[in-house]
1. By average Cβ neighbour count within 10 Å, what is the ranking of 13-26, 96-109 from highest down?
2. Taking square-rooted eigenvalues a ≥ b ≥ c of the alpha carbon gyration tensor, is the stretch 8-139 rounded, prolate or oblate, where a/c under 1.5 means rounded and, failing that, a/b exceeding b/c means prolate?
3. Say the cut-off is 19 Å between C-alpha atoms; which of Lys39/Lys84; Lys19/Lys134; Lys44/Lys101; Lys44/Lys126; Lys19/Lys103; Lys39/Lys103 go over it?
4. Hey, rough spin-label estimate for Met1 and Arg112, points 7 angstrom out along Cα→Cβ, what's it come to in nanometres?
5. Using unit Cβ charges (K, R positive; D, E negative) and no other charged atoms, how large, in debye to the nearest 20, is the dipole of the stretch 8-139 about its Cα centre?
6. Residue separation times 0.36 nm, minus the C-alpha to C-alpha distance between Glu99 and Ala87: what's the value?
7. Could you list the GluC sites (Glu not before Pro) in the stretch 2-109 that lie in coil according to DSSP, counting only those with at most 15 other Cβ atoms within 10 Å of their Cβ?
Amino acid sequence: MNHDSYPEGYIRSILTGVKTVAIVGASNNIARPSFFVLKYLIQKGYNVYPINPGHAGGTFLDRPVYARLADVPEPIDLVDIFRKPEAVPGIVDEALALEPKPKVIWMQLTIRDDAAAAKAEAAGVKVVMNRCVKIEYGRISGEIGWAGVNSRVLSSKKPTLQAGFQHFKVED
């Protein structure tokens, strides 16, 4: 896969095909991007597990925090990595050791490791690098356009609202 650009359908299929997300490097600091993503994905209905060994046993946004991916009590669909690039190979190895394997490994903005991506893809796991789950969800659903941001999507179709305040969905 070319990780310089992702087809819209690829990102959409990931966002609609996963239910359980583990955020490696999650934080309870409201100024950290991982906190925003954690809160946003919870609001969108995903079952989110924060992974942070320094806070294991505690909670972030009423969600139990785990030290490792293997500690999560149910299969993980998407592993979202909020760690330095040097930590990626170890996290990918940990994710690939899970049974069942996650469907997707997602590396947040500025995080890219082509060797780790190739290893995951060879194991049948989809990979996204240097993208933010929250931004991609907002862009595809049309939410981001409400803030005046160019979503790269032109449509005469009115966005479909779910329950809640400006709660869009990524399904057609």
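Every number in this text was worked out from the coordinates using simple rules, so none of it is lab data. Predicted, not measured: the structure shown is a model, and the values here were computed from it. Cβ coordinates were reconstructed from backbone atoms using ideal geometry, including for glycine residues, and neighbour counts include every protein chain displayed.
1. Result, highest mean first: 13-26, 96-109.
2. Details: a/c = 1.38, a/b = 1.17, b/c = 1.18.
Judged from the Cα gyration tensor, the stretch 8-139 comes out rounded (a/c under 1.5).
3. On the way: Lys39/Lys84 21 Å; Lys19/Lys134 15 Å; Lys44/Lys101 23 Å; Lys44/Lys126 21 Å; Lys19/Lys103 10 Å; Lys39/Lys103 22 Å.
Violating the 19 Å Cα-Cα cut-off are Lys39/Lys84; Lys44/Lys101; Lys44/Lys126; Lys39/Lys103.
4. For Met1 paired with Arg112, the spin-label model returns 1.5 nm.
5. Dipole about the Cα centre, nearest 20: 420 debye.
6. 2.2 nm
7. Numbers: sites: Glu8, Glu86, Glu94; in loops: none.
Nothing satisfies the criteria.
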